Amino acid sequence: MRPASHTAFISHPDCLLHEMDFYHPESPARLKAIEKELSASGLMDKLRRYQAPLATIGQLERVHTQEHIARLQAAASRAASGGFVYLDPDTAMNRHSLGAAYRAAGAAVLAADLVIGGTVENAFCSIRPPGHHAERGYPMGFCLFNNIAVAVAHALETHALQRVAVVDFDVHHGNGTEDIFQHDPRVMMVSTFQHPFYPYSGIAGRSERMVNIPLPAGSNGKVFRKAVDEFWLPALERFEPQMLFVSAGFDAHADDELASLNLVEDDYAWVTEKIKEVARAYAGKRIVSVLEGGYELAALGRSVAAHIKVLMKP
Ligand SMILES: [Zn+2]
């Protein structure tokens, strides 16, 4: 019998097979750390678990060029005999990467279907490779397909939604998501990110629907919460999104050495509460959350648990 929880947890064993190099911070251990913490804290038993399907080429082509997809397929062929094929200095594929990328995007699509169909209120996709740096025509920054963008486009096209919001609290700016949706009046994106910092974007593209809030290195939860209260929430309340998508990166955590923001688990719980309030007011509670960054394994596990615990609350 399925647990009565209104939160889905979507993953796939193929996401553990993708590796970008030995000792790369974006490693399979990340997903294992999340599952370990969710099990230890007793949350896992209460989640509705699903295996991610493969995204279809048609779903991917809504947000990526055919050339982009063909480039990844060609790289996968080159990686088939073993070893790593580099797409940029930080981003590589092994022989399992393309399969994992299809599962990661497929998880986000399934999450959208489950939430819109009313099977669950919200869903968390514990997947890798992450997605928010992948642009319409280019993989970059550990990302192959833009998983959240694939799910947003799916929600817009097949479920005829008119207004959806992407909330991105990863420490890096979601340049790929912005690239894909900046000219689409149906999509608002609100984000915070360390600046100046990789990928050095998000300042010029700012508009009424692209609410990018750069935070200086060293910013703590107080600064982050102020940015959310002052900029994100008024914009979201104005836009009245019918559904919310979360690019859930946890690399702004104080323990994460890849970047220099100082958030803690309580900040992730707090922002999840705020996202739920917006979802309750305008979106029939519908939230799809997709894992992006987060590289300090213990902090990642605890932060995802804090995020999911709030998603699971009535
Ligand atoms: Zn990141």
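Residues in the range 231-270 that are hydroxyl-bearing (Ser, Thr, Tyr) and open to solvent by 10 Å² or more (accessible area, probe 1.4 Å): 260 alone. Note on the range 143-179: residues that are part of a loop (DSSP other than H, G, I, E, B), of a type in the set (A, V, I, L, M, F, W, C) and farther than 13 Å from residue 247 by Cβ total 4.
Out of 291, 311, 244, which single residue is within 13 Å of the ligand (Cβ to nearest atom) and either at pLDDT below 95 or touching a Phe, Trp or Tyr at 6+ places or on another chain (Cβ under 9 Å) (or both)? Please lay out each step first, then the result.
Details: 311 fails: within 13 Å of the ligand (Cβ to nearest atom); 244 fails: within 13 Å of the ligand (Cβ to nearest atom).
Only one candidate qualifies: 291.
One residue stands out among those in the range 197-211 that are modelled with pLDDT of 95 or more and out of contact with any helix residue (DSSP H, G or I) (no Cβ under 8 Å at 6 or more places or on another chain): the one that is most open to solvent (accessible area, probe 1.4 Å), which is 198. Can you tell me which residue in the range 182-196 is farthest from residue 257 (Cα to Cα), limited to those that are crowded, with 16+ Cβ neighbours inside 10 Å and out of contact with any Leu (no Cβ under 8 Å at 6 or more places or on another chain)? Step by step, filter the range 182-196, then rank; the result is 189. Residue 214 meets the conditions (1) surrounded by 20 or more Cβ atoms within 10 Å (Cβ to Cβ); (2) farther than 26 Å from residue 283 by Cα in every case but one. The failed one is (1). From the list 83, 58, pick out the single residue that is at positive phi and either more than 19 Å from the chain's Cα centre (by Cα) or at pLDDT below 95 (or both). Residue meeting the stated conditions: 83. Checked against (1) more than 13 Å from the ligand (Cβ to nearest atom); (2) part of a helix (DSSP H, G or I); (3) under 20 Å from residue 47 (Cβ atoms), residue 298 passes all but a single condition, namely (3).
The values are calculated or read from the model by the stated rules, or taken from the named source; none is laboratory data. In this text, all values refer to a predicted model and were calculated from it rather than measured experimentally. Positions of Cβ are generated from backbone atoms using ideal geometry, with glycine treated the same way; all protein chains shown enter the neighbour counts. Protein only, heavy atoms only, side chains kept; ligands, DNA and RNA dropped before computing areas. Shrake-Rupley method; radii C 1.70, N 1.55, O 1.52, S 1.80 Å.
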